[in-house]
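Below: the structure, in structure tokens.
The values are calculated or read from the model by the stated rules, or taken from the named source; none is laboratory data. The structure presented is a predicted model; accordingly, all values stated were derived computationally and were not measured. Positions of Cβ are generated from backbone atoms using ideal geometry, with glycine treated the same way; all protein chains shown enter the neighbour counts. Accessible surface is based on the protein model in full, side chains and every heavy atom, while ligands, DNA and RNA are left aside. Shrake-Rupley method; radii C 1.70, N 1.55, O 1.52, S 1.80 Å.
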Amino acid sequence: MTDYLVMPDGMLTDEMRALSAELMALEWPAPTPKSLPLISPPDDVPRAAGVGGSMAARPKTLPRPQFRVDSAGIQAIRSLIGGILFPVGVLGNLREGKSTLQNLILCAALPHAVSAQLGQTEFFTTSNGYLSTTKGCSCALVPHPTTPDGWILLFDFEGFGDVDKDQAYCADYDARLAAIAFAILKSLIYNTKSGLDTYLLDRLSTFKLAADIHLKKRGKSVLRRFLSGSTNVSAASDVLLTLVLRDFALDAEIGGQSAAEHYRALILNEIAASPFALLAKMFDDIRVHTLPRPVNDARLLPLVSQLPTSKLDARFQQQFKLMVADLFATSPRLLMPGTNSSRAQIAQGEYLASLIESAVSVVNSGKSQPLLMSAMNERVTARSVAQEHEEQLDAAVAELKQKLPLNTLDLESTFGTLYSRIETSFLEWLKATGVNTVTLAGEFKDQLKRAIELHRRALADANVVCATQAADFARTTVLAAMPDKREFTFPTGDETRFSQWIERAVGDLRANLVGPDEIKARVCGQMRNDLERQLGVYREFNATQRGLGPKARAVSP
């Protein structure tokens, strides 16, 4: 055995270089991500009627869901020292492929050599059966592919809407779990096998409300130390929301845009009167991606997590690559308030672990069910009132269309009166039915305003069409009354008579036109131009005929 302590410096250096070369030549096993349980669900979960019991077994008072922080998972996060953390999580309904999506994201984040060595691996367990395998929340750590010294911490949350749970308990359970997610994530991916619809809007609005109930109203003092210079806790206000729409029936393009671009334009209110603009007020930034069916063979769908990415459908690969590239480029990093950058980078693991423990504690201690159910009832009532008034608006607009065309000012005045009447009635109904939440009333008032604006634009367009049609008919009627051309041509007539008739005809046309002023001006101007060209023909003909002898005169034009 070589005694390195008695070797000369030069020889020691040579030996160390040789040893280093041998170590570099070894094929070390690739480091692989490993999922760890982080948040465990309660043990005493009331079951739905007919699941392991009967209605008689249902407790009169449902227990409050109590989540537990797993010691192994939280210790792993607490031990993270150095590096930049990017907390990312996937939420969505039960059995819609959230864990499968996370497995694909993890594999995409790994270096290519490591990914090729591993193939496709289930970092988060999946199931092709009826029951979901994800309970509570698990997490896994993977290097950030584009940020040096960056780490993506992926959180895999249990799916919402478990039909085996008592449904009242399940609503409270899902809302609390979502509140925890809103508290700890910087990038939230909502996975759904549907398009962008009002159900998705209501679901996210309800979870945002639940998060506010727990984190803003009840957890303000506990979570204040995790905020940067503000005592106003606003869940999800600085969270990036990525909507992953996996409805396999979605069109690739809508109105000349990709489906994802179209839906994002709806959310950002780039398309007028979109109810989904509410989402833009709930989150700091929103991205939208659509994913087609990952494999054409339906029998392979349960095995997607086990297939190499190269074996997936080519269109899916293309859309998925765009999604993960966007996710890696835009996901916000975890920021610690009140510390310099070097200190913050060192202590991020401890900070995030404490945030998770505090969020779970706050959510466990809150009594969200009565508040949440009351808020949900208010939302249902407000939606019903808004729908009733939208139907009233539709009927009133249909009646108004029968009166078109109208002068622009008259149309605006009539529609303004209609709008004022509908809005006043809407607010009175909200108050009478017990909807007292200002933000909720404002949300549906905005929705009604968007519907009114759509009707305003549609009416304006219809008024132009009706006015144009009426003007064409009026012009035809006026021209049909034109005297015989012999009154305007030599030798029995004179072109000055035609000039006088033009003024009377244009005046009669203008007096009989209704609708926007620009339509009146355009139609009258066009008819005048046409008649004045005919006047020029008569004038030239008459002048020519007057200068010729009787034998040389031509037939009048």
To the nearest Å², the heavy-atom accessible area per residue of the range 378-464 with 1.4 Å probe amounts to 54
Obtain the nm distance between the two label points defined at residue 330 and residue 34 by a simple spin-label model: each point lies 7 Å from its Cα along the Cα-to-C-beta direction. 3.5
Extending each Cα 7 Å along its Cβ direction at residue 135 and residue 61, get the distance between those two points in nm, one decimal. 2.6
With all protein chains present, how much of the accessible area of the range 378-464 (probe radius 1.4 Å) comes from carbon and sulfur, to the nearest whole percent? 54
Can you compute the charge dipole magnitude of the range 482-547 about its Cα centre, using +1 on each Lys and Arg Cβ and -1 on each Asp and Glu Cβ, nothing else charged? Give it in debye, rounded to the nearest 20. 60
Per residue, how much accessible area does the range 482-547 show when a 1.4 Å probe rolls over the protein heavy atoms, in square angstrom? 57
With a 1.4 Å probe and every protein chain kept in, tell me what percent of the accessible surface of the range 482-547 is carbon plus sulfur. 47
Label residue 199 and residue 485 with points 7 Å out from Cα along Cα→Cβ: what is the distance between them in nm? 7.0
Length gained, residue 299-residue 424, 0.36 nm per residue minus C-alpha separation, equals 39.4 nm
So between residue 503 and residue 313, what do we pick up on full extension, going 0.36 nm a residue minus the alpha carbon distance? 61.2 nm
Length gained, residue 75-residue 461, 0.36 nm per residue minus C-alpha separation, equals 132.6 nm
Check which residues have an amide H placed less than 5 Å from residue 85's amide H, if you skip close sequence neighbours. 151, 334
What FRET efficiency, computed as 1/(1 + (r/R0)^6) with R0 = 22 Å and r the Cβ-Cβ distance, is obtained for residue 412 and residue 387, rounded to the nearest 0.05? 0.25
